[in-house]
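Bear in mind these aren't lab numbers, they're just calculated from the coordinates by the rules spelled out. No experiment lies behind these values; they were computed from the predicted model shown. When we count neighbours, we look across all protein chains shown, and the Cβ atoms used for this are built from the backbone with ideal geometry, even at glycine.
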Amino acid sequence: MPDAAGAGLSEFISALPFQPTLERIVKAIEDAGMTVFARIDHAAGAREAGMEMPPTVVLSYGNPKGGTPIMLAAPAVALDLPLRVLVREDPTGRAVVSFHPITPILQQAGVPDPLAHRLEPAQRLLVEAIRG
């Protein structure tokens with residue numbers, strides 16, 4: 001997955017506009033048996049503060065069956081779980097999907113390798129959802 005400017009950020013351009021991209025990602029998460037725990041609409045927050053920003057939503061998602069064993073192995077990773085994905089509209093109107101690849105974060109926290117790779121499919125499905 002591409003790393004935006006070496007910042008530990010993977011970004012992907014969707015062929016679809018913002019709203020259909022967001023809907024596809026939510027559907028892919030739910031179809032995989034995971035839950036969207038939170039939806040943070042930053043653009044709505046900006047409007048409430050009297051400011052404007054393009055559509056920008058962060059989803060917090062996952063499944064306790066996947067994350068709990070990881071947090072038991074390294075309790076501090078609870079700061080990085082559940083997973084998060086940012087869906088935003090860039091200045092040209094394209095939908096951009098971004099996330100921090102979780103495996104290096106988990107490895108740095110001392111999560112054993114088999115567990116550290118366990119959540120990769122949950123991030124890979126995001127990319128597949130906007131390509132599929």
Notebook entry, point to check: Taking the stretch 75-101 as the region of interest, how many residues are out of contact with any helix residue (DSSP H, G or I) (no Cβ under 7 Å at 6 or more places or on another chain) and not polar (S, T, N, Q)?
Noted result: 12
Margin query: Among the residues of the stretch 65-99, what is the count of those that are within 15 Å of the chain's Cα centre (by Cα) and free of Cβ contacts under 8 Å to residues at least 40 places away in the same chain?
Written below: 5
Next item on the list: Inspect the stretch 10-22 for any residue being under 16 Å from Glu128 (Cα atoms), among the acidic types (Asp, Glu), touching a residue at least 60 places away in the same chain (Cβ under 8 Å) and surrounded by 14 or more Cβ atoms within 10 Å (Cβ to Cβ) and give the result as yes or no.
Entry: yes
